[in-house]
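K.L.:
I'd like to ask you about the structure that follows.
The values are calculated or read from the model by the stated rules, or taken from the named source; none is laboratory data. Being a predicted model, the structure only gives us computed values, none of them experimental. Cβ placement follows ideal geometry from the backbone for every residue including glycine, while neighbour counts extend to all protein chains displayed.
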Amino acid sequence: MSYFFVTTLQVFFCIALLSGVLWSRNDPPSLRPLGWTLLIGLAAGVLAGLTLRGSQPVQLLLVGTEVMVTLLFVLSFWWAGNRVRYLWQGILVFGAARHWALDPNLGGLTSTHVLNTELLLNLTAVVLAFAILCLAGVLCAMLLRRIRVLYWPFTLILLVMLWLPLSGNLLLLLMKLQVLPLAKSLLSFVAKVTNNAPAYNWMAVGLLLLLALCWLPSLLSAHRQTRATEEPIAHRLALAQRRNALRLWLVTLGCAVVVIAGQLWWDNVASQPPQLSQAIPVTLASDGSIHLPVEQLRDGKLHRFVWVADDGKAVRFFIINRYPDKLRFGVVFDACLLCGDQGYVMEGNQVICVACGVHIFIPSIGKPGGCNPVPIENWHNDEKELVIPGKELAAGVNYFSTVMTIQVTDPVDGSTLTNTSADFKYSYGGKTWFFSSEENYDRFRQTPEQFVPAELREE
């Protein structure tokens, strides 16, 4: 499912159900004024979200206003006429649209300034999401009109779902402005209520399914009424009522299933980062270099390797033949100066940064700059093999955070331990040494040349 389909549902689904609540106790709205109200509210909200990104006091004023407006929204239920309800409908859509426009990824509807397939697909996803939202609002209104006992419980639950993220934003702004202290409990609450859009979507879907469940007794009653009625006209009327009740129930279930399917697909598939291919372990040869056969590397695919440094750091690198008709290798660390060590994947004939999703121009791999992977220096190749000096790989240990557990030897007493269990370590002669005790560590620091091979001694 498209990102834009799911995020649109997440932002507007609660508002769609509140719109159903708004119109469930009065006459249904006229289609034309309702349509114009929705379009104006949506356009104005998006425009406000794109332009009103001022200072924190401005944001505090906006969020505080939104909280007050939701309180007035509840109070107006006792006296609001149809014209006021149109106004409330526009305000609800305006508020949701403003938050929707704050999504930094909304500009990713297209990567170009022309009409292309990507833009059409993303716009279709957004339109489909709004169609589902409109349907959910209508279904909510129809069911609450028939199940009046659920009106206030349903309304209060929706308002709590609306107030929770607003209260989190309000507290966060107050802490940024130093009105409130940076308390751990407050920060924990803010993190839970403001970064949980999927949870609110699940809760809203649950409310819609609850309405469908509560409508089931009426559906069964209509079925029994149809079977008990024998007079032809009354039977036809009962049959029509049963069909309408069944249609309402099935459409509600179908709407919920579409939203659930979209959220499940996004949570479990679409939102997951690309998985790195298996890195092939390599070790240094006797000459202190890594030797790789060219024949295995010339196919234009991304070949990932991993070398474990003497301190246990897993140094990933990959090799790719940048041109299909000649040998022009790119030999680089599987890391970026901007995005860290999340690595790169190859999808089709595209190399993509996992962290930011940037597509890397393959002929540029091996050159520094931007989101390109960090180049490895001083490698060389001929027609048979590609050689990478070990010291050049060692220069990249700081780009990676993964530490492998390896066996190491204490240079002082010769005891064996693991790098992850050693409490003491010391860098000398271009190598990291591990110690089983503080005593050995101190002895090594005082006279390291006594315990290391001659070729590693520093002058």
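K.L.:
Filter the range 7-58 for residues that are under 30 Å from the mean Cα position of the chain (by Cα) and either outside the structural domain of ILE147 (by TED's automatic domain parsing) or of a type in the set (Gly, Ala, Ser) (or both) and give the result.
P.N.:
Result: ALA16, SER19, GLY20, GLY41, ALA43, ALA44, GLY45, ALA48, GLY49, GLY54, SER55.
K.L.:
Among the listed residues CYS356, CYS371, identify the single one that is among the hydrophobic types (A, V, I, L, M, F, W, C), free of Cβ contacts under 8 Å to residues at least 24 places away in the same chain, in a loop (DSSP other than H, G, I, E, B) and within 19 Å of VAL345 (Cβ to Cβ).
P.N.:
Among CYS356, CYS371, only CYS356 is among the hydrophobic types (A, V, I, L, M, F, W, C), free of Cβ contacts under 8 Å to residues at least 24 places away in the same chain, in a loop (DSSP other than H, G, I, E, B) and within 19 Å of VAL345 (Cβ to Cβ).
K.L.:
Check whether at least one residue in the range 148-167 is of a type in the set (Val, Ile, Thr) and within 25 Å of the chain's Cα centre (by Cα), and report yes or no.
P.N.:
yes
K.L.:
Six or more apart or on different chains, Cβ atoms under 6 Å: show the pairs whose first residue is in the range 1-28 and closer than 23 Å to THR124 by Cβ and whose second is among the aromatic types (Phe, Trp, Tyr).
P.N.:
Cβ pairs passing all conditions: MET1/TRP265; MET1/TRP266; VAL6/TRP266; VAL11/TRP100.
K.L.:
Within the set of pairs 6 or more residues apart or between chains, which connect a residue that is outside any loop (DSSP other than H, G, I, E, B) inside the range 279-291 to a residue that is surrounded by 11 or more Cβ atoms within 10 Å (Cβ to Cβ) and acidic (Asp, Glu) with Cβ atoms less than 7 Å apart?
P.N.:
Going by the 7 Å Cβ cut-off, the qualifying pairs are HIS291/GLU385.
K.L.:
Of all residues in the range 400-429, which are at pLDDT below 85 and in contact with a Leu (Cβ under 7 Å, 6 or more places away or on another chain)?
P.N.:
Across the range 400-429, the qualifying residue is only GLY429.
K.L.:
Further question on the same structure: Of all the residues that make up the range 317-349, how many are modelled with pLDDT under 85 and part of a strand (DSSP E or B)?
P.N.:
Here the count works out to 1.
K.L.:
Can you go through VAL84, VAL67, VAL58, VAL74 and tell me which one is surrounded by fewer than 17 Cβ atoms within 10 Å (Cβ to Cβ), without any contact (Cβ under 8 Å) to a residue 12 or more places away in the chain and touching a Ser or Thr at 6+ places or on another chain (Cβ under 9 Å)?
P.N.:
Only one candidate qualifies: VAL84.
K.L.:
Still on this model: In the list GLY414, GLY369, which residue meets the criterion of being out of contact with any Lys or Arg (no Cβ under 8 Å at 6 or more places or on another chain), surrounded by fewer than 18 Cβ atoms within 10 Å (Cβ to Cβ) and in the same structural domain as ALA309 (by TED's automatic domain parsing)?
P.N.:
GLY369
K.L.:
Among the candidates LEU213, LEU186, LEU156, which residue alone is in a helix (DSSP H, G or I) and either surrounded by 16 or more Cβ atoms within 10 Å (Cβ to Cβ) or not assigned by TED's automatic domain parsing to the domain that holds THR65 (or both)?
P.N.:
Only one candidate passes the filter, namely LEU186.
K.L.:
Go through ASN440, ASN381 for me and flag whichever is assigned by TED's automatic domain parsing to the domain that holds GLY312, of a type in the set (S, T, N, Q) and buried (at least 16 other Cβ atoms within 10 Å of the Cβ).
P.N.:
ASN381
K.L.:
Further, regarding this structure: I'd like the residue in the range 111-129 that is modelled with pLDDT of 85 or more and small (Gly, Ala, Ser) and, out of all such residues, is surrounded by the fewest Cβ atoms within 10 Å (Cβ to Cβ).
P.N.:
ALA125
K.L.:
Next question. Can you list residue pairs whose Cβ atoms sit under 6 Å apart, with the first residue in the range 36-48 being in contact (Cβ under 8 Å) with a residue 40 or more places away in the chain and the second being of a type in the set (Val, Ile, Thr)? Count only pairs 6 or more apart in sequence or on different chains.
P.N.:
LEU38/VAL93; GLY41/VAL93; LEU42/VAL93
K.L.:
In the range 387-408, what count of residues is obtained for those that are loosely packed, with under 14 Cβ neighbours inside 10 Å and touching a residue at least 24 places away in the same chain (Cβ under 8 Å)?
P.N.:
Total satisfying the criteria: 4.
K.L.:
Still on this structure, I have one more. Might you let me know whether the range 442-459 holds any residue that is outside any loop (DSSP other than H, G, I, E, B), modelled with pLDDT under 85 and charged (D, E, K, R)?
P.N.:
Yes; the residues of the range 442-459 include at least one that is outside any loop (DSSP other than H, G, I, E, B), modelled with pLDDT under 85 and charged (D, E, K, R).
K.L.:
Applying the selection to the range 189-239, what residues are among the aromatic types (Phe, Trp, Tyr) and out of contact with any Pro (no Cβ under 8 Å at 6 or more places or on another chain)?
P.N.:
The answer is PHE189, TRP202, TRP215.
K.L.:
Would a scan of the range 326-339 turn up a residue that is in contact (Cβ under 8 Å) with a residue 40 or more places away in the chain and over 22 Å from GLY370 (Cβ atoms)?
P.N.:
yes
K.L.:
Applying the selection to the range 288-316, what residues are on the phi > 0 side of the Ramachandran plot, surrounded by fewer than 18 Cβ atoms within 10 Å (Cβ to Cβ) and within 34 Å of the chain's Cα centre (by Cα)?
P.N.:
Across the range 288-316, the qualifying residue is only GLY300.
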